[in-house]
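Heads up: the structure comes next, in structure tokens.
The values are calculated or read from the model by the stated rules, or taken from the named source; none is laboratory data. Only a predicted model underlies this, so the values are computations on that prediction, with no experimental measurement involved. With ideal geometry, Cβ positions are generated from the backbone for all residues, glycine too; neighbour counts draw on all protein chains shown. Remember, those area values only see protein heavy atoms, side chains included, never the ligands or the DNA or RNA. Shrake-Rupley method; radii C 1.70, N 1.55, O 1.52, S 1.80 Å.
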Amino acid sequence: MFYLFFAVRLFKNKRTGSVLFLLPVIAGLVYDNGILAAGRFIGEGPILESLNYARFWIHAFLTPLLVLFAWKTLQQAGVQWAQKTWARITAFLLTTSLIGLELFTEVFGLVIQPEQSYGVLSYGKVESASGPPVMVLIVSVVLLGASILIWRKQGWLWFFVGSFVMIVGSAVQLPVKSGAVTNLFELVPLSSLVATARFQSTWK
């Protein structure tokens with residue numbers, strides 16, 4: 001909620017373009033974690049099932065927007081090829097393709113069931129994923145690539161750090177008995193993305 005408020009203020013005061021693509025992602029994470037937190041109070045049933053089902057749709061539509069965020073950061077950094085029409089078209093096409101990929105592989109035909117983990121009541125997939133989340137990994141690689149260019153162009157390291165942590169969190173299963181690890185791997189990249197937008201709004 002703090003990052004959502006901060007990002008809104010940042011766009012209002014600085015008109016930083018990349019924030020427009022970051023705001024929906026932050027709002028989606030607020031909803032996702034809010035439903036997880038409220039699950040045990042709502043209780044098992046059709047209401048909680050519908051609220052959790054929406055989490056998968058939100059994830060499919062909003063997470064790929066980070067590709068557009070990455071492209072916009074390159075534009076704001078003055079990377080020449082990012083200013084070209086083909087770069088913008090490519091970014092939007094990749095974003096659309098990733099949304100379609102997630103919908104057809106993860107959302108359409110989705111069946112969820114109640115599950116409880118570490119005191120959190122939610123609804124998850126009946127069939128567990130057979131491999132790493134492809135869409136998230138592709139988004140992470142795009143962010144990592146953009147962060148390296150930003151590091152070289154503007155001397156800003158923290159975009160790279162957050163992107164690297166996002167890849168580790170998506171690809172590696174840590175032997176830690178806590179569901180909070182997932183939240184940590186969301187919070188660290190999110191912090192770096194918001195900080196990057198803030199940095200670019202003041203960079204000369």
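Descriptive notes on the structure:
- Odd one out for ALA37 among (1) farther than 23 Å from GLU186 by Cβ; (2) loosely packed, with under 15 Cβ neighbours inside 10 Å: (1)
- All of GLY43, GLY34, GLY39, GLY28 fail the test of being without any contact (Cβ under 8 Å) to a residue 24 or more places away in the chain and closer than 25 Å to GLY119 by Cβ, apart from GLY34.
- Take the conditions (1) at pLDDT below 95; (2) in contact with a strand residue (DSSP E or B) (Cβ under 8 Å, 6 or more places away or on another chain); (3) of a type in the set (D, E, K, R); GLU49 misses just one of them, which is (1).
- Selection status of TRP151, within 19 Å of GLY162 (Cβ to Cβ), open to solvent by 60 Å² or more (accessible area, probe 1.4 Å) and of a type outside the set (Asp, Glu): yes
- Candidates GLY78, GLY109 - the one that is over 21 Å from the mean Cα position of the chain (by Cα), surrounded by fewer than 12 Cβ atoms within 10 Å (Cβ to Cβ), part of a loop (DSSP other than H, G, I, E, B) and without any contact (Cβ under 8 Å) to a residue 60 or more places away in the chain: GLY109
- When residues in segment 81-106 are screened for being loosely packed, with under 11 Cβ neighbours inside 10 Å and among the hydrophobic types (A, V, I, L, M, F, W, C), 3 of them pass.
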